[in-house]
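I have placed the structure first, in the form of structure tokens, so that the comments after it can refer back to it.
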Amino acid sequence: MREGLIYKALSGFYYVESEGMSFQCRARGVFRKRGLTPLVGDRVRFQIENETDGYITELLPRKNELVRPPVANIDQVLVVMSAKEPEFSLNLIDKFLVIVESYDITPSLVVTKKDLLTPDEISFLENKLDYYRSIGYQTHLISNLEDQRVMLDTLVTGINVLSGQSGVGKSSLINAARPDMNLETGVISNALNRGKHTTRHVELIRNGKAYIADTPGFSSLEYAHIDKYMLKNCFPEFVAVEQNCKYRECLHVNEPKCAVKEAVGDTILETRYDHYLQMMNEIETRKVRY
């Protein structure tokens, strides 16, 4: 019996890395009976059938998992945004950060295409990003290939997922780390300003001792699993001051003597609070699913 890491899942096969070798495995029927599905990122025990094939017999305990993309045991999510093409959006950043925080996974922020900005635009953007740095997020504004390689080598440890809209440069980042992969990069449609979906399956790609998951890009964000009490805990700057709110279960919306509302415009960025109110409204008005 061997132990290994699932680094790719495709067409019912699971590709497991173990002791520097790769094995193409099927999952035993017992997983289906138990309602379990092996995921990329899972550590597993497997039985070798021949030199290159085997059967997964056991899933080792997971510390976390995402449904979309289907990846387990994630150490960090890199929220990738572009400075231009598609346009930079604080609203999208905040939605991605909230979703990552809701799974209790560490998010970092990477903004690409710095080379498309003027010096004044760079200064304006850095000012916005400084706020995210101040509340604890690792944040990088990058442009050329060397920037990308340095960022990946210094920021990426363990298992990492790239998230963000299509066309922001996720596949380009992986190509920077592993030029031999030569992943297809997206082309922006001028009509829709959205990237065409070029990544078709989830795969862990080794970057030194770390792994990066290249995942299908997406621009619609769902947070059906987040309720209004979880939402407020996904804003670290709210958590830092809410002990000073008058009410213990303060939602920072209409309550009097709310420390969060008092800090807006001072230590809390106004756009962050506005986006919080928008998300709170969506949560409170969404239809119940049965």
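The values are calculated or read from the model by the stated rules, or taken from the named source; none is laboratory data. Fair warning: this is a prediction, and the values are worked out from it, not measured in the lab. Reconstructed Cβ throughout: ideal geometry from the backbone, glycine too, with neighbour counts over all protein chains shown. When the accessible area is computed, the model is the full protein with side chains, heavy atoms only, and any ligands, DNA or RNA have been set aside. Shrake-Rupley method; radii C 1.70, N 1.55, O 1.52, S 1.80 Å.
Test of understanding: among Glu87, Glu101, Glu126, which residue is open to solvent by 60 Å² or more (accessible area, probe 1.4 Å) and either touching a residue at least 12 places away in the same chain (Cβ under 8 Å) or more than 25 Å from Leu66 (Cβ to Cβ) (or both)?
Details: Glu101 fails: open to solvent by 60 Å² or more (accessible area, probe 1.4 Å); Glu126 fails: open to solvent by 60 Å² or more (accessible area, probe 1.4 Å).
The match here is Glu87.
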Item to check | Hits in the stretch 129-158 (condition: surrounded by 16 or more Cβ atoms within 10 Å (Cβ to Cβ) and basic (Lys, Arg)) | outcome: Arg149
Next on the checklist: Which residue is most open to solvent (accessible area, probe 1.4 Å), if the candidates are limited to the stretch 45-69 and must be among the acidic types (Asp, Glu) and under 20 Å from His201 (Cβ atoms)?
Outcome noted: Glu65
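Please determine whether any residue of the stretch 265-274 is open to solvent by 90 Å² or more (accessible area, probe 1.4 Å), on the phi > 0 side of the Ramachandran plot and outside the structural domain of Asp94 (by TED's automatic domain parsing).
Of the stretch 265-274, the ones open to solvent by 90 Å² or more (accessible area, probe 1.4 Å) are 266, 270.
Now restrict to residues that are on the phi > 0 side of the Ramachandran plot: none.
Within the stretch 265-274 (the criterion being open to solvent by 90 Å² or more (accessible area, probe 1.4 Å), on the phi > 0 side of the Ramachandran plot and outside the structural domain of Asp94 (by TED's automatic domain parsing)), the answer is no, since none of the residues qualifies.
Given the structure, is Pro107 touching an Asp or Glu at 6+ places or on another chain (Cβ under 7 Å) and either among the basic types (Lys, Arg) or surrounded by 13 or more Cβ atoms within 10 Å (Cβ to Cβ) (or both)?
yes
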Next on the checklist: For the stretch 3-25, check the following and say yes or no: at least one residue is open to solvent by less than 60 Å² (accessible area, probe 1.4 Å), closer than 17 Å to Val202 by Cα and not in a strand (DSSP E or B).
Outcome noted: yes
Checklist entry - With (1) in the same structural domain as Leu204 (by TED's automatic domain parsing); (2) of a type in the set (A, V, I, L, M, F, W, C); (3) in contact (Cβ under 8 Å) with a residue 40 or more places away in the chain as the list, and Ile93 as the residue in question, which single condition is left unmet? => result (3)
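For (1) under 18 Å from Glu284 (Cβ atoms); (2) modelled with pLDDT of 95 or more, each residue gets a yes or a no:
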position: Asp227; (1), (2): yes, no
position: Asn233; (1), (2): yes, yes
position: Pro236; (1), (2): no, yes
position: Ala240; (1), (2): no, yes
position: Glu249; (1), (2): yes, no
position: His252; (1), (2): yes, yes
position: Val260; (1), (2): yes, yes
position: Ala263; (1), (2): no, yes
Next on the checklist: Please go through (1) farther than 30 Å from Lys113 by Cβ; (2) surrounded by fewer than 21 Cβ atoms within 10 Å (Cβ to Cβ); (3) acidic (Asp, Glu) for Asp42 and return the number of the only condition it doesn't satisfy.
Outcome noted: (2)
